[in-house]
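*Asks:* Below is a structure I'd like to ask you about.
The values are calculated or read from the model by the stated rules, or taken from the named source; none is laboratory data. All figures in this text were calculated on a predicted structure; none of them were measured in a lab. Glycine gets a Cβ as well: all are built from the backbone with ideal geometry, and neighbour counts include every protein chain shown. In case anyone asks, the SASA skips ligands and DNA or RNA and just uses the protein heavy atoms, side chains included. Shrake-Rupley method; radii C 1.70, N 1.55, O 1.52, S 1.80 Å.
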Amino acid sequence: MYSRDEGRRGPSFFQKGGTVTSSADAFVADVSTRETARAADELPWIEDGAKVAPKDARALSKLFLDRLQELEEGTREHQYVRDTLLEMHLSLVSFAARRFRNRGSGEMEDVVQVGTIGLIKAIDRFDLSREVEFTSFAIPYIVGEIKRFFRDATWAVHVPRRLQELRVDLVKSKEALATELGRTPTVTELAARLNLSEEEVIEGLVAANGYVASSLDTPGGQEESGEAPTYADTIGDVDPAMDLFEDLHTLAPLLQQLDPRERTIIEMRFGQEMTQAEIGNELGLSQMHVSRLLSRTLTTLRTGLLDI
C-alpha cells in the first residue's frame, strides 16, 4: 500500500516496488492490466495529481477508481486514492465552471468550490462496470451541482453587494426581535437594532425581494380553490390606444398653427375619411389642388413632430 509522505519527495514520480519512474506512461507500460496491479497490490505514487497530463490521467484513473472500490473507507490508502483522483480531475471543474462565469453575482471561486463537490460525488458513485469514461460520468455531476448552487444560493435579480450583505443582517435581526417582542418588528425597531437609518432598512427590505423570483403562475389571492387569480392575471398590459393618445396630444398644438382651410382639409380627410374628390366638391376645389394642399400640410406636421 502507498500513502502520502509527510515531506516533499521532489518532482512528481511513481514508485513501484522500489523502482522510481518519471512518468505515468512508464508505469502503465510496465503494468499492462489492472489485474497485474491488483496482484502486486501496488499503486503509483503521485506527488501532485494536478500536474498529471490528461493522457496519463485517463489511463491512471481506471487503476485508481478500480482500487478505490476495494479499499475500506477511512483508511489512509483510501484517502490517498480518493485525493489523487480528485487532483487529477480538477481541470474538469474549471472547464465546467467557465460556462457560468458571466451568470449571476457569484464569485468564480465559489462556483469552482461547488463544482468540486460535484466531482467528489462523481468519484464516490462511479462504477467501472458501467463501461463509460469517468469524464463523461463526472461532468453532469459537476454541472448539476453548480446549477443547484445558482438556484438555491444566488440572487434572482442582481443587487449591489452591500444590499446582499444587508439582507443577511436583516433576516437575523428580524428573527431575534420577533423572538424578543413576540411579533414582527417594525422598520424603526430594525433600524435601531442595526444602527441604520430607516431609509437604509427600507432599501434593504425592498432589495431582498430580488433574492427569489416567484413564478407568474403562483396564486395571488387567498382563495384555497384552484380558481384563485395568478400574478400573471394581475399584470397590466400595454394599452394600444396609448400611442394614439400621445400622437394626438402632440399634434394638437401643431394643428392650431394651421390656417382654417388646412385644418378643415385635415379634419375632412382623416376625421370624416372623405376622399380627395369629395373634399374638392365640398370646398369648390379641384382634386389636384386638394392633393397639393394635403401634401403640404402633412409635411408641415411631420416637420413639427420631428422638431419637438
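*Asks:* Six or more apart or on different chains, Cβ under 6 Å: which pairs go from a residue in the stretch 53-76 that's among the charged types (D, E, K, R) to one that's part of a loop (DSSP other than H, G, I, E, B) and at pLDDT 85 or above? Could you list them?
*Replies:* none
*Asks:* Residue pairs, Cβ under 6 Å, 6 or more apart or interchain, first in the stretch 80-94 and modelled with pLDDT under 90, second among the hydroxyl-bearing types (Ser, Thr, Tyr). List them.
*Replies:* Listed pairs, sorted by first residue: Tyr80/Ser3.
*Asks:* Of the residues Ser91, Ser61, only one is within 30 Å of the chain's Cα centre (by Cα) and of a type in the set (Ser, Thr, Tyr); which?
*Replies:* It is Ser91.
*Asks:* Taking Ile142 and the conditions (1) modelled with pLDDT of 85 or more; (2) open to solvent by 60 Å² or more (accessible area, probe 1.4 Å), which numbered condition does it fall short on, given that it satisfies the others?
*Replies:* It is condition (2) that Ile142 fails.
Residue-wise test of (1) under 16 Å from Ala252 (Cβ atoms); (2) at pLDDT below 90; (3) out of contact with any helix residue (DSSP H, G or I) (no Cβ under 7 Å at 6 or more places or on another chain); (4) aromatic (Phe, Trp, Tyr).
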| position | (1), (2), (3), (4) |
| --- | --- |
| Ile265 | no, no, no, no |
| Phe270 | yes, yes, yes, yes |
| Glu278 | no, no, yes, no |
| Met288 | no, no, yes, no |
| Leu293 | no, no, no, no |
| Arg302 | yes, yes, yes, no |
| Leu306 | no, yes, yes, no |
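*Asks:* Go through the stretch 111-200 and tell me which helices (runs of 4 or more DSSP H), entirely inside it, have 2 or more residues that are closer than 18 Å to Leu90 by Cα.
*Replies:* So the answer is 134-153.
*Asks:* Ok, one more. Under the condition of being at pLDDT below 90 and open to solvent by 60 Å² or more (accessible area, probe 1.4 Å), which residue from the stretch 114-134 is farthest from the chain's Cα centre (by Cα)?
*Replies:* Restricting to residues being at pLDDT below 90 and open to solvent by 60 Å² or more (accessible area, probe 1.4 Å), the top hit is Ser129.
*Asks:* Only one residue in Leu166, Leu205 is in contact with a helix residue (DSSP H, G or I) (Cβ under 7 Å, 6 or more places away or on another chain), open to solvent by 40 Å² or more (accessible area, probe 1.4 Å) and among the aliphatic types (A, V, I, L, M). Which one?
*Replies:* None of the others qualify; the one that does is Leu205.
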